[in-house]
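Colleague: One structure follows; several queries about it will come next.
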């Protein structure tokens, strides 16, 4: 009996914490100082550590309260903070609701390839983490159901990595054509040496991120820092790229032709040099191509 009661309290605490954290994360920021502090904490810098990490004439007393921080703010601080973390300066100043500028790479894997090349050429980070996020939405009319997030380390505090986030979209991968291009971009992440992790996330959260209503969250409980996503499951991205059944799972098939079109597009992009997670392993990729060709043959018979 006592065990049941304790279990009930533990369940309540988990629900309370989850609800409180979600409410806290989505609470709007009404002042420029609230947005600035939230921005730093979203990337791993507690407000008491802003002076240590950012400088700009700030000190611990001036960062302790919003009122004191407001007295210290300058246009240079706002501009440099927005640039440091790659967010929309208009949002930080309060004139826009759009936090992140999310580039669109649909139908343009060559631009995605160039973006990754430039990112790696301009960072000192070794193998940044790339998160491939998607929801379980399956309607062809649902867009922005998937997102790439690259966490680029730009410094550290007490051995915790501080990140700049690169949000790359916009995808509706339950539509066959978007799925094929999305998959090509997944393969490019491997090609460029990113540490790739696939996560299923809550659809409402993903929508809010796309709509500019949600900052990403930093996991201060991780010893070396990390990004805290509202994860509801995980998946293996390389399997999604290289295995026909994984690639087709969850595809919208209402029109009756999507499966075949998705396979054909995968093969077409492969012929152009995409879909190779590990370009040096030519025999492996030849086998992967063969499995997709066999899948297409079976569909046509």
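The values are calculated or read from the model by the stated rules, or taken from the named source; none is laboratory data. What you are looking at is a predicted structure, and each value in this text was computed from that prediction instead of being measured. All Cβ positions, even for glycine, are placed from backbone atoms using ideal geometry, and neighbour counts span all protein chains on display.
Colleague: Taking the conditions exactly as written (in the same structural domain as residue 279 (by TED's automatic domain parsing) and touching a strand residue (DSSP E or B) at 6+ places or on another chain (Cβ under 8 Å)), does residue 199 satisfy them or not?
Modeller: The answer is yes for residue 199.
Colleague: Another one. Would the range 284-297 turn up any residue that is touching a strand residue (DSSP E or B) at 6+ places or on another chain (Cβ under 9 Å) and within 27 Å of residue 135 (Cβ to Cβ)? Walk me through it before giving the result.
Modeller: In the first step, residues of the range 284-297 are kept if they are touching a strand residue (DSSP E or B) at 6+ places or on another chain (Cβ under 9 Å); the result is none.
No: the range 284-297 contains no residue that is touching a strand residue (DSSP E or B) at 6+ places or on another chain (Cβ under 9 Å) and within 27 Å of residue 135 (Cβ to Cβ).
Colleague: Any idea how many residues of the range 26-47 are surrounded by 15 or more Cβ atoms within 10 Å (Cβ to Cβ) and either farther than 21 Å from residue 74 by Cβ or modelled with pLDDT under 90 (or both)?
Modeller: Residues in the range 26-47 being surrounded by 15 or more Cβ atoms within 10 Å (Cβ to Cβ) and either farther than 21 Å from residue 74 by Cβ or modelled with pLDDT under 90 (or both): 4 in total.
Colleague: Let me ask another. Can you tell me how many residues within the range 125-145 are touching a helix residue (DSSP H, G or I) at 6+ places or on another chain (Cβ under 7 Å) and modelled with pLDDT of 95 or more?
Modeller: So the count comes out to 3.
Colleague: When the residues of the range 48-76 are filtered to those that are free of Cβ contacts under 8 Å to residues at least 12 places away in the same chain and closer than 29 Å to residue 119 by Cα, which remaining residue is surrounded by the fewest Cβ atoms within 10 Å (Cβ to Cβ)?
Modeller: Here the answer is 75.
Colleague: Just wondering, is there one or more residues in the range 61-73 that are closer than 30 Å to residue 192 by Cβ, assigned to a helix (DSSP H, G or I) and outside the structural domain of residue 149 (by TED's automatic domain parsing)?
Modeller: Checking the range 61-73: not a single residue is closer than 30 Å to residue 192 by Cβ, assigned to a helix (DSSP H, G or I) and outside the structural domain of residue 149 (by TED's automatic domain parsing).
Colleague: Further question on the same structure: Based on this model, can you work out whether residue 236 counts as touching a strand residue (DSSP E or B) at 6+ places or on another chain (Cβ under 8 Å) and either over 18 Å from residue 201 (Cα atoms) or free of Cβ contacts under 8 Å to residues at least 40 places away in the same chain (or both)?
Modeller: In short, yes.
Colleague: How do the helices (runs of 4 or more DSSP H) wholly within the range 215-301 filter down when requiring 2 or more residues that are assigned by TED's automatic domain parsing to the domain that holds residue 132 and loosely packed, with under 11 Cβ neighbours inside 10 Å: which remain?
Modeller: Correct list: 282-300.
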